[in-house]
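Undergrad: Got a structure for you, written out below as structure tokens; questions coming shortly.
Derivation of every value follows stated rules applied to the coordinates shown; laboratory data play no part. Predicted, not measured: the structure shown is a model, and the values here were computed from it. Note that each Cβ is placed from the backbone with ideal geometry, even for glycine, and that neighbours are counted across all protein chains shown.
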Amino acid sequence: MMIYLNALGMVCPLGQTHTEIHRRLFAADSGVVATSHYSPGKTLSLGRIAQDDAALPSVAHLPLGQQSRNNRLALAALAQIRHEVDAAIARFGADRIGVIVGTSTSGIAEGEAAFSHHLQQGVFPPEFDYAQQELGSVAQALAQTLGVSGPAYVHSSACASSAKAMASAARLIRMGLCDAVISGGVDSLCRFTVGGFDALQSLSESRCNPLSAHRNGINIGEGAALFLMSSQPATVALRGWGESSDAYHISSPDPEGGGARLAIAQALSRADISAGDIEYINLHGTATPQNDAMESKVIHGLFGEHLPVSSTKPLTGHALGAASAVEAGLCWLTMQDDNAEGRLPPHLWDGVADSALPALQVVAPGFRLGHPPRWVLSNSFAFGGSNAVLIFGRS
């Protein structure tokens with residue numbers, strides 16, 4: 001059974017509509033900005049959504065425990081595909097629609113504000129509910145908003161969260177437990193995650209620089225990307241996925257890339273294609289010394305040095321639990337018929353290759369494949385050695 005990506009709703013630092021995201025993506029117009037909003041006294045480069053929060057959908061219809069900015073971002077992405085989702089509900093029934101998403105922050109920002117209020121006033125504010133911070137909140141909010149009663153849950157495995165959510169959605173459809181699933185991911189910026197990665201000395205104060213000899217860390221970002229997935233034919237299908245665990249270190253990847261290589265091999269096998277069929281790879285590409293060294297070694301070993309590759313994180317920031325879904329969304333846009341020239345997401349960096357890394361063919365701005373890519377692979381290699389790889393194919 002083929003699993004198709006029927007519709008995409010996405011908000012990210014590149015924009016809030018397909019048209020805007022498409023334009024800025026191929027123009028290499030980064031949404032990463034310098035700000036001290038989440039790091040008082042220290043300016044950092046972060047991938048922030050430019051939309052005024054007041055313009056995000058209301059969560060007043062939800063229980064207090066589901067009222068968070070994170071869930072408002074999810075509802076903003078849902079609004080873009082609401083027509084298609086409502087049609088699926090009418091066709092299949094509310095009990096046959098699932099909601100499987102990835103996140104890592106949930107309502108932590110609301111918790112930060114509440115504890116700050118408690119320190120000053122001695123009590124929590126009335127608009128705070130501890131349940132806002134629960135990881136499952138976003139799946140509950142989406143399911144309640146839609147009135148669906150199929151499986152609804154969240155994956156939270158750091159940067160691989162939403163790739164794993166999409167793989168789970170595909171399995172639910174193939175097993176006959178759902179006829180359609182709303183799947184993807186959402187994460188929102190907050191001081192907790194920015195401060196945590198800063199404490200690990202993993203953040204770059206300037207725009208991140210993947211594969212460069214000068215790379216020195218990541219840019220945290222935010223975003224929401226939701227797909228309507230079903231067996232109903234569409235232009236792009238999720239043809240393969242692979243999942244593995246390094247079991248190596250809590251925050252560092254296995255330098256030999258054994259787990260990454262295994263996940264890629266699984267995805268290729270499930271898609272029933274060879275490495276030579278892939279026409280573009282969206283790298284995990286965090287711009288940290290260890291991740292880029294591991295990933296370039298694996299990609300060079302499996303695909304050689306002539307396959308076009310890029311990291312889109314200098315354009316969007318690293319959206320953590322939503323990163324896989326946002327990058328899947330960029331791949332989905334790249335594979336549509338309106339990209340007849342086959343423009344690929346550019347690799348935005350300083351152009352100073354690290355001579356210690358195997359050579360890769362990074363996508364320069366303006367590069368054209370000549371046709372919409374037929375096979376695209378997207379990597380997600382997370383903390384804890386949690387690896388997930390997705391392969392998308394044009395029908």
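Undergrad: Cut-off under 27 Å on the C-alpha distance; same-chain residues fewer than 8 positions from Lys297 excluded. Which lysines are left, in chain and number order?
TA: Correct list for Lys297: Lys164, Lys313.
Undergrad: Taking 7 Å along the Cα-to-C-beta vector as the label spot, tell me the Glu256-Ala213 distance in nanometres, rounded to one decimal.
TA: That separation, rounded to one decimal, is 3.0 nm.
Undergrad: Given the rule -39500 (n - 2.57) for each run of at least 4 DSSP H residues, summed and divided by the residues of the chain, what is its mean residue ellipticity at 222 nm, to the nearest 500 deg cm²/dmol?
TA: Calculated mean residue ellipticity at 222 nm is -9500 deg cm²/dmol.
Undergrad: When the chain is treated as a GNM, springs tying every alpha-carbon pair under 10 Å, which of Gln67, Gln290, Gln133 comes out with the largest mean-square fluctuation?
TA: Gln290
Undergrad: Further question on the same structure: Collect residues whose amide H, placed 1.01 Å from N in the peptide plane, falls under 5 Å from the amide H of Ser386; neighbours closer than 5 in sequence don't count.
TA: Those qualifying (amide H under 5 Å, at least 5 residues apart or on another chain) are Asp246.
Undergrad: Whole-Hz Karplus ³J(HN,Hα) for segment 315-332, in order, using 6.51 cos²θ - 1.76 cosθ + 1.60 and θ = phi - 60°, x for Gly and Pro?
TA: Result, rounded to whole Hz: 8, 10, x, 9, 7, 6, x, 9, 4, 4, 5, 4, 5, 4, x, 5, 5, 4.
Undergrad: Something else: Test of understanding: in a Gaussian network model of the chain with alpha carbons linked when under 10 Å, which of His347, His214, His83 would top the mean-square fluctuation ranking?
TA: Answer for the Gaussian network model of the chain: His83.
Undergrad: Something else: Taking the dipole about the Cα centre of the chain, with the C-beta of Lys and Arg at +1 and of Asp and Glu at -1, give me whichever of Gln51, Ser162, Pro210 is farthest to the positive side.
TA: With unit charges placed on the Cβ atoms, the residue in question is Ser162.
Undergrad: What list of ³J(HN,Hα) couplings, whole Hz, do you get for segment 287-293 from phi and the Karplus terms 6.51, -1.76, 1.60, once you set θ to phi - 60° and write x for glycine and proline?
TA: These are the phi-based 3J(HN,Hα) values: 6, 8, x, 6, 5, 5, 5 Hz.
Undergrad: Report, in whole Å, the centroid distance computed from the Cα atoms of segment 20-86 and segment 127-190.
TA: Here the two parts' Cα centres lie 17 Å apart.
Undergrad: Additional query: Taking amide hydrogens as modeled 1.01 Å from N in the peptide plane, which residues meet the under 5 Å criterion relative to Val99, leaving out close sequence neighbours?
TA: When sequence neighbours closer than 5 places are left aside, the close amide H contacts are Ala152, Tyr153, Ile182.
Undergrad: Okay, moving on. Find how many whole Å separate the alpha carbon centroid of segment 97-114 from the alpha carbon centroid of segment 323-369.
TA: 29 Å
Undergrad: Next question. Each residue of segment 185-201 in order: what ³J(HN,Hα) in whole Hz does its phi give by Karplus 6.51 cos²θ - 1.76 cosθ + 1.60, θ = phi - 60°, with x for Gly and Pro?
TA: x, 8, 8, 10, 5, 7, 5, 4, 6, 4, x, x, 5, 5, 5, 7, 6
Undergrad: Pick from Ser104, Ser149, Ser161: which is most flexible by mean-square fluctuation in a GNM of the chain where alpha carbon atoms under 10 Å apart are linked?
TA: Of the options given, Ser149 has the highest mean-square fluctuation.
Undergrad: Determine the percent antiparallel among the DSSP beta bridges restricted to the chain, to the nearest 5.
TA: 65 percent
Undergrad: To continue, here is another question. What does the extension gain come out to for His117 and Arg171, with contour length at 0.36 nm per residue minus their alpha carbon separation?
TA: 15.1 nm
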